[in-house]
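The values are calculated or read from the model by the stated rules, or taken from the named source; none is laboratory data. Quick caveat, the model's predicted, so the values are computed rather than measured. Every residue, glycine as well, gets a Cβ built from its backbone with ideal geometry; the counts of neighbours run over all protein chains shown.
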Amino acid sequence: MTIPNIKPIELSELPAGPETGTHLVDIDHLPDHGGKELIYTEGDLRTSILIQKTGDIVGVFLNHCPHAGTPLNMFGHRFLDASGKYLICRTHGALFNPESGICVRGPCVGQTLRPVAHTIRSGSIYSA
């Protein structure tokens, strides 16, 4: 699924982002619930991304709710709601499609999480 009008951000464009081609995670090393937060820092700058595997779909987004700017997770690497179908913002309860990042319920309906440019090669995810 493509995300309309949202160009995936290259992590290397961010002040605290890793270089293009950086290994992010092996898909087999994601926990059973499929979520993983990665944090990159440079001085006082911080970049947080979320990776969520749901079935055969892998979504990689900035970990930043479009409504209030807070991270989606509040409990470790867990991003899914109780049904396991949607990413949830723990601050406001907004629900996001895990493939497209589009908010389907909550205060930011129709807005999207910012997708992160990535590639998947040989079972591993890399920044693009």
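Computed quantities for the displayed model
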| quantity | calculated |
| --- | --- |
| Boolean, Ile9 is modelled with pLDDT of 95 or more, closer than 17 Å to Ser122 by Cα and β-branched (Val, Ile, Thr) | no |
| Matching residues in the stretch 20-38 - criterion: being without any contact (Cβ under 8 Å) to a residue 60 or more places away in the chain and over 16 Å from Ile9 (Cβ atoms) | His29, Leu30, Pro31, Asp32, His33, Gly34, Gly35, Lys36, Glu37 |
| Inter-residue pairs, beta-carbon under 7 Å, first closer than 11 Å to Thr54 by Cβ and touching a residue at least 40 places away in the same chain (Cβ under 8 Å) and in the stretch 92-104, second of a type in the set (S, T, N, Q) and buried (at least 19 other Cβ atoms within 10 Å of the Cβ), 6+ apart | Pro98/Gln52; Pro98/Thr54 |
| Single condition Leu50 does not satisfy, out of (1) out of contact with any Ser or Thr (no Cβ under 8 Å at 6 or more places or on another chain); (2) of a type outside the set (Lys, Arg); (3) closer than 20 Å to Ile120 by Cβ; (4) at pLDDT below 95 | (4) |
| Boolean, Asp26 is exposed (fewer than 10 other Cβ atoms within 10 Å of the Cβ), among the charged types (D, E, K, R) and farther than 15 Å from Arg114 by Cβ | no |
| Close pairs from the stretch 61-73: first over 13 Å from Cys103 (Cα atoms) and without any contact (Cβ under 8 Å) to a residue 24 or more places away in the chain, partner assigned to a loop (DSSP other than H, G, I, E, B) and among the β-branched types (Val, Ile, Thr), Cβ under 7 Å, at least 6 apart | Thr70/Thr91 |
